[in-house]
1. Extending each Cα 7 Å along its Cβ direction at residue 300 and residue 323, get the distance between those two points in nm, one decimal.
2. Could you give the accessible area per residue of the stretch 1-131, probe 1.4 Å, as a whole number in Å²?
3. Share of the stretch 228-297's accessible area from carbon and sulfur, percent, 1.4 Å?
4. Whole percent per 10 Å bin, from 0 to the bin with the longest distance: what is P(r) over all C-alpha pairs of the stretch 28-84?
5. Classify the stretch 29-126 as rounded, prolate or oblate, taking a ≥ b ≥ c as the square roots of the eigenvalues of its Cα gyration tensor: rounded when a/c is under 1.5, otherwise prolate if a/b is larger than b/c and oblate if not.
6. So for each of 49-58, 298-307 I average, over its residues, the number of other beta carbons within 10 Å; can you give me the resulting order with the highest mean first?
7. Can you work out ³J(HN,Hα) from phi for every residue in the stretch 103-110, in order, using Karplus 6.51 cos²θ - 1.76 cosθ + 1.60 and θ = phi - 60°, giving whole Hz and x for Gly and Pro?
8. Rounded, prolate or oblate: which one fits the chain, using the alpha carbon gyration tensor with axes a ≥ b ≥ c (rounded when a/c is under 1.5, else prolate when a/b beats b/c, else oblate)?
Amino acid sequence: MKLADLASALSLPLEGDGEVALDGLASLEDAGPAELAFVTGPKYQRAFDASRAGAFLLPAGFDALGRPCLRSPAPYADFARAVELFHPRPLPAPGVHPSAVVAPGARLGADVSIGACAVIGEGARVGARVRIHPHVTVYPNVEIGEDCEIHSGVHLREGTRLGKRVVLQNGVVIGAPGFGFTSRADGKRVRVPHVCPVEIGDDCQIGANTTIDASHPGHPRLGHPDVRTRIGVGVIIDNGVQIAHGCEIRDHATLCAHVALAGSTVVGRYVFMGGMAASAGHLTIGDLSMVGAMAAPSGDIAPGSQVLGVPAVDRRLWGKVVAAKKRLPELLHRVRRIEKRLGLDGEG
């Protein structure tokens, strides 16, 4: 692809020689004369100077040194768009594979693709242009919005509702019963039926082997009478995330790998939760907050907070705690010397 053609496809301004021929994309360090690389800011100036790439995606104000480039307000995002142009993913043709099982009462929209050995339950509604890959199980009364993509091994339990353009990666399970048990008078444990299905908004991306549990009507979120597990619009969820019954993940939140949310957690808009972060149940993480990797809030987090640690505290306080931990052996030695001097060694 010529650089000028790429500029047209991405609707980005071109600087320099538009006749540069590109056959791929790579990092600044690895790119060759026929490859496109990107720069996000001044800290990559030295790598840019040394790069052999034939063309670049550069932010405004970055000195191109006369080299061919496309100017972008978000170079990494436009690099991702370019990847899709250079490596188009083959899409399954519309139609139902002969080995798929579609219940008589299921409704399929126009240009739907149903892969081999997929099962579509009674009363399910599948929107136009949905792509369901092999070995997907769609239980009865599931609703799937237009232009969704459901990868192999996904299980959508009864009543689950997906918005438009949702992508579910391999092995996702949505709507299985949450971890809800109670005890009878004789002490025997019994499961509480989880009959409130999961709802997922438009434009969500859910990573492989993530589980999002159905809820039950007995424990509504504080101040929220609706107890369904809800995922908002534009939420991004990484691989291996556990979202318990009754949780609400509001619009444009991001949950990294192995996040675990206990029941009835509310995650606010644009919240970012790092890998392996967790939450106690029945708490709210305020809008625009950041929960660092492996942090574990045990109570409500105010909007705009940045927290780290277990239990999670303000990141600046956590930094002081970590710094103090490094001095514990020295401090313990000093305390023992003081105790000995005072004749207190051996006392409680």
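The values are calculated or read from the model by the stated rules, or taken from the named source; none is laboratory data. What you see is a predicted model, and the numbers here were worked out from it, not measured in a lab. Here the Cβ positions follow ideal geometry from the backbone for every residue, glycine too, while neighbour counts run over all protein chains shown. With ligands, DNA and RNA removed, areas are computed over all heavy atoms of the protein, side chains included. Shrake-Rupley method; radii C 1.70, N 1.55, O 1.52, S 1.80 Å.
1. 3.1
2. Spelled out: the 1.4 Å probe surface of the stretch 1-131, per residue, equals 53 Å².
3. 60
4. So the P(r) values, bin by bin, are 26, 63, 11.
5. prolate
6. Ranked by mean Cβ neighbours within 10 Å, highest first: 49-58, 298-307.
7. Karplus-based 3J(HN,Hα) across the stretch 103-110 equals 4, x, x, 6, 10, 10, x, 5 Hz.
8. oblate
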